[in-house]
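Each reported figure results from applying straightforward, stated rules to the coordinates on display, with no laboratory input. The structure presented is a predicted model; accordingly, all values stated were derived computationally and were not measured. We place every Cβ from the backbone using ideal geometry, glycine too, and count neighbours over all the protein chains shown.
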């Protein structure tokens, strides 16, 4: 049984990548098994409730990876602008590296399944909220008060997610590159008020 | 044969609604037939290439409806702020009226299918670009020059799409309501520079 933690983690990582690229309904359980290289029995052992349970774990895993990257960007930046622009450049780098296949790891499943699965919608919402919170925490470290940090975090995440959607659909980085000027403008406006 | 234009249009409208609510892979051809109330033969007559062809027509139809709404908002607004905020309030009204089931009509299919269908990705991209163009045209009517209008249009559409994604996932209007302050800030910043 010593391979179990590994095989569980491999399944979650494989599922997260597939959900990011093609969403929930476009990903069959057999795709996840093939990508993870796990035996079917191990999958049912770890995820007795099947595909939805794997996808919830995958969204939670992907959400936490992004949250950690946001926290890392805050620690290594010298200003609020630099912090937020580092996030959007990270998104652009992921998108380009994957030939425009890997955008937001949460959005495809969130949009497809928001009417169909309470569990997936809750996991997607928890991921987005953890990013908003982590961005707000980062902004507070650059001397935004809690209320302004919270409002700017929502605005910045909205800007990033929308630009990432457009860039992925157009297969061009331009919308993400264009997001840098509005982000700088928002940092100035929210710092002032 | 006199019912043909009607049955074709009914199919497109039904497909557009289903794609908006549950995306492409979550929508079976039989769902579209049932929702449109069309006989299967009429569907194959109008769309010999099947589901993908229907979905392309549905994205084009939905894209044009939104583009017309944007043009209408520009005509009935007195300022760039009012114009853009009218768009985001329209999104919030649609979302609330549908019990959080109807967000962006393009984004779910765009994200699921961007790796899998050139035709759907092109149709989704054309819709988003027509919105960017229509927003830019509206902004020019409020005395933004062409270049600033184009950049602000991308920023505003990104802000709207991201906020709509968050609002739909959270099942709360708050992210869309919070988008109004950043939109005002962006209008000011882009008018100034």
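Observations on the model:
- Inter-label distance, residue B:93 to residue A:71: 4.3 nm, where each label sits 7 Å from its Cα along the C-beta direction.
- Distances from residue B:68 to itself in the other copies, using label points 7 Å out along the Cα-Cβ axis, amount to 5.0 nm in increasing order.
- Nitroxide proxy distance, nm - points 7 Å out along Cα→Cβ at residue B:78 and residue A:174: 3.5 nm
- For the protein assembly as shown, the 222 nm mean residue ellipticity estimated from helices alone, with every DSSP H stretch of n ≥ 4 adding -39500 (n - 2.57) and the total spread over all residues, rounds to -25500 deg cm²/dmol.
- Estimated inter-spin distance, residue B:122 and residue A:31, nm [label 7 Å along Cα→Cβ]: 2.3 nm
- Using alpha-carbon coordinates, inclination of helix A:146-170 to the longest axis of chain A, degrees: 60 degrees
- When the range A:1-71 is reduced to its Cα atoms, the Kirkwood hydrodynamic radius in Å: 12.2 Å
- Label spacing, shortest first and in nm, from residue A:129 to its equivalents in the remaining copies (7 angstrom along Cα→Cβ): 3.9
- For B:93-102, mean number of other protein chain Cβ atoms within 10 Å: 1
- Geometric extent, Cα atoms of chain A - Rg, Dmax (angstrom): 17.8, 58
- Among A:176, A:151, A:139, the largest mean-square fluctuation in a Gaussian network model of chain A, built with springs joining Cα atoms closer than 10 Å, belongs to A:151.
- Measuring nothing but how far apart in sequence close Cα pairs (under 8 Å, 6+ apart) lie, relative to its length, the range A:74-193 scores a relative contact order of 32 percent.
- Choice from A:34, A:74, A:107 showing the highest fluctuation, given a GNM over chain A with Cα pairs closer than 10 Å: A:34
- Length gained on full extension, residue B:9 to residue B:184: 59.2 nm, using 0.36 nm per residue less the C-alpha separation.
- With Cα atoms, 0 to 90° folded angle of helix A:180-192 axis to chain A main axis: 60 degrees
- Calculated on the Cα set of the protein assembly as shown, radius of gyration then Dmax: 21.1, 69 Å.
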